[in-house]
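Data block below; observations after.
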Amino acid sequence: MTTKTIEKINLLNLITKAKIKADVILGDCLEALKRLPDNSVDLIVTSPPYADQRKSTYGGISPDKYVEWFLPITKEMLRVLSPKGTFILNIKEKVVDGERHTYVMELVIEMKKQGWLWTEEFIWHKKNCFPGKWPNRFRDSWERLLQFNKQKDFNMYQDEVMVPMGDWAKTRLKNLSETDKIRDNSRVGSGFGKNVSKWVGREMAYPTNVLMMATESSNKKHSAVFPKELPSWFIKLFTKTGDVVLDPFLGSGTTSIAAFQLDRNSIGIEIQEEYHELAIQNINEQTK
């Protein structure tokens, strides 16, 4: 991942009264993952270095070499993830010579060959994205969050991420048609169906797979920080209290902080000593 090699794997254990633990590992994630037991992690949430980005800190990975670089890591993730666990990958294709590179799609195909199931895709819509344009495109305001599992039967706690019904319910549910009072199946054969009347009187609904969150603005000490709300949402959706959350590209510690504050154990791996120390500092400050 970088020309710099850190042989020593350091662990920092932070223990609360509830015995929730955060392990912060200094080292190359591939080597560190090899030291973790099989089926020992309930959720993996991470944002690895994107192709050709973070060159000054992580060396940068060529788009043409990205799949080759990442597959040994996903192989170890598959081993350490519990049978009913979930892997969430935050990633985005870059533009090369005027067109989107295909390394993300190629990675998904190769991961499926490893044994992963590509279960779902979420979109992170960045609410505070700055405006801008280029000669042949506009500024990106979203990123992918790809969900992978080891099997079709995985842990998912949908009620933990429900959202308010919203103003639409005041008008849509006020005057129901006869069709609204029965299960109305899709005409295109998708298997999707709905009974609108079942939502009458409810205050909460299930969310969509588009997550509207602002980009992180409070942490200026790391080259790429996603908002704490992002890993928090997936931690609530796919884990329960006491489960283990892993981020093999921990950066400044955001995932571990989110896990810690939700009473989950966490393991974070970071190769850069500067960011490893920053993660420890941030976790200590945010979990007092």
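Read-outs: derived from the displayed coordinates by stated rules, not from any lab. Here the structure is a predicted model, which means the values were calculated and not measured. Positions of Cβ are backbone-derived with ideal geometry, glycine not excepted, and every protein chain shown enters the neighbour counts.
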Over the stretch 164-205: Kirkwood hydrodynamic radius from C-alpha pairwise inverse distances, Å:
11.2 Å
Compactness relative to 2.2 N^0.38 Å, alpha carbon Rg of the stretch 122-173
1.78
The stretch 132-212: translational diffusion in µm²/s, Stokes-Einstein, Kirkwood Rh over Cα pairs, 10 °C, 1.306 mPa s:
95 µm²/s
Can you give the Kirkwood hydrodynamic radius of the chain from its Cα pairs, in Å with one decimal?
20.7 Å
So what does log10 I(q)/I(0) come out to for the stretch 121-262 at q = 0.16, 0.17 Å⁻¹, using the Debye formula with one equal point on every Cα and no solvent?
-1.08, -1.14
Straight-line reach only, C-alpha to C-alpha below 20 angstrom: list the aspartates and glutamates that Lys113 could link to, leaving out same-chain residues fewer than 8 apart.
Asp38, Asp64, Glu68, Glu76, Glu121, Asp153
Label-to-label distance, nm, for residues given as Asn284 and Val96 (7 Å Cα→Cβ offset)
4.2 nm
Given axes a ≥ b ≥ c from the Cα gyration tensor, I'd like to know whether the stretch 39-186 is rounded (a/c under 1.5), prolate (a/b larger than b/c) or oblate.
oblate
Roughly speaking, what is the centre-to-centre gap between the stretch 140-213 and the stretch 260-274 when only Cα atoms are used, to the nearest Å?
32 Å
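With runs of 4+ DSSP H residues as the only contributors, calculate the mean residue ellipticity of the chain at 222 nm using -39,500 (n - 2.57) per run, divided by the residue total and rounded to the nearest 500. The partial results should precede the final answer.
Numbers: 8 runs with 73 residues, N = 288.
It lands at -7000 deg cm²/dmol.
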Mean Cβ count within 10 Å, highest first, over the residues of peptides 195-202, 262-269, 33-40
262-269, 33-40, 195-202
Across every pair of different alpha-carbon atoms, what Kirkwood hydrodynamic radius in Å does the stretch 224-286 reach?
11.5 Å
Entries in Lys84/Lys240; Lys75/Lys112; Lys21/Lys240; Lys65/Lys94; Lys65/Lys126 that, when Cα-Cα distance is taken, lie over 19 Å
Lys65/Lys126
Kindly point out which whole DSSP H helices in the chain project their C-alpha atoms 15 angstrom or further along the helix axis while averaging a Kyte-Doolittle hydropathy of -1.0 or above.
66-80, 103-114
Can you list residues from other chains, or at least 5 along the same chain, whose modelled amide H is less than 5 Å from the amide H of Asp28?
Ile6
